[in-house]
Amino acid sequence: MSSARLEGGDARLPPSTLMPRTNDAQPTIRIGYGWDSHEFQAGIPLKIGGVTLPHGKGLGGHSDGDVLLHAITDALLGAVAAPDIGSLFPPSDSKWKGVNSAVFLEEALKRVRAAGYSIANLDSTLILAAPKIGPHAAAIRSHLSEVLGLAPDRIGLKAKTPEGMGTDNAAIAHVVVLLQERKRQSARKGK
Ligand code: MG
């Protein structure tokens with residue numbers, strides 16, 4: 001019997017039995033991350049977070065181009081390991097052209113609920129040269145609060161200008177969400 005064999009485990013066993021097991025239990029929390037970018041185009045309305053902002057240009061591409069709702073949708077889908085927004089709603093399918101991005105968000109929320117989770121909180125960062133988001137931040141957070149069924153104090157919204165990035169004709173959104181298991185919330189409330 002060699003000591004190396006004892007320390008290294010039995011090489012005949014499959015790798016899964018040799019590795020430390022850290023994922024046996026159903027997680028009570030899950031994190032999700034979403035990212036999106038859209039290009040500015042003249043002659044279309046600018047929608048960010050479900051709110052139409054006054055600006056000379058809007059965001060082109062998939063659906064109504066709402067870069068923030070798309071990133072939130074992908075963060076929620078990612079948190080429950082569902083297919084991403086482009087797989088569920090292919091941009092090549094003309095039926096999604098110009099559609100309200102709330103449709104995609106609704107599907108992601110359904111999947112989060114079906115998986116047994118609710119949103120604990122959400123944080124987002126927009127990166128765009130213009131328009132300034134500050135004057136519209138309250139309206140965007142209020143609208144997100146309504147569509148997500150989440151108190152405004154659980155919704156972070158930050159905006160940055162793209163210093164040195166060369167993306168002045170694009171809007172970019174990063175989003176993280178934290179989900180919590182719904183039945184544990186109910187247990188704590190005595191339900
Ligand atoms: Mg998009």
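Within region 30-39, does at least one residue satisfy the condition of being within 11 Å of the ligand (Cβ to nearest atom), free of Cβ contacts under 8 Å to residues at least 40 places away in the same chain and closer than 20 Å to LEU122 by Cβ?
Looking through region 30-39, none of the residues is within 11 Å of the ligand (Cβ to nearest atom), free of Cβ contacts under 8 Å to residues at least 40 places away in the same chain and closer than 20 Å to LEU122 by Cβ.
Check LEU88, LEU105, LEU46 and return the single one that is under 17 Å from the mean Cα position of the chain (by Cα), under 17 Å from HIS143 (Cβ atoms) and at pLDDT 90 or above.
LEU105
Assess whether ALA114 counts as being under 18 Å from the mean Cα position of the chain (by Cα) and either closer than 20 Å to ALA151 by Cα or buried (at least 17 other Cβ atoms within 10 Å of the Cβ) (or both).
Working: under 18 Å from the mean Cα position of the chain (by Cα): yes; either closer than 20 Å to ALA151 by Cα or buried (at least 17 other Cβ atoms within 10 Å of the Cβ) (or both): no.
No: the conditions fail for ALA114.
When the residues of region 76-90 are filtered to those that are of a type outside the set (Val, Ile, Thr) and surrounded by 17 or more Cβ atoms within 10 Å (Cβ to Cβ), which remaining residue is nearest to the ligand (Cβ to nearest atom)?
PHE89
Going through region 91-102 one residue at a time, which ones are within 14 Å of the chain's Cα centre (by Cα) and more than 10 Å from the ligand (Cβ to nearest atom)?
Listed by number, the list holds a single entry, ALA102.
Here is a check on your reading of the model: is THR73 within 16 Å of the ligand (Cβ to nearest atom), over 15 Å from the mean Cα position of the chain (by Cα), of a type in the set (Val, Ile, Thr) and closer than 19 Å to SER37 by Cβ?
Values: within 16 Å of the ligand (Cβ to nearest atom): yes; over 15 Å from the mean Cα position of the chain (by Cα): no; of a type in the set (Val, Ile, Thr): yes; closer than 19 Å to SER37 by Cβ: yes.
No, not satisfied.
Identify the residue in region 117-151 that is touching a residue at least 40 places away in the same chain (Cβ under 8 Å) and of a type in the set (Ser, Thr, Tyr) and, among all such residues, is surrounded by the most Cβ atoms within 10 Å (Cβ to Cβ).
It comes out as TYR117.
Aliphatic (A, V, I, L, M) and not in a loop (DSSP other than H, G, I, E, B): does that describe ALA71?
yes
Quick check on my filter: what residues within region 45-69 are surrounded by 15 or more Cβ atoms within 10 Å (Cβ to Cβ), within 14 Å of the ligand (Cβ to nearest atom) and free of Cβ contacts under 8 Å to residues at least 24 places away in the same chain?
Listed by number, the list holds a single entry, GLY58.
In region 18-34, what residues are loosely packed, with under 14 Cβ neighbours inside 10 Å and within 21 Å of PHE89 (Cα to Cα)?
TYR33
The values are calculated or read from the model by the stated rules, or taken from the named source; none is laboratory data. Just so we're clear, the structure is a prediction, and the values are computed from it rather than from any experiment. Note: ideal-geometry Cβ built from the backbone for every residue, glycine included; neighbour counts use all protein chains shown.
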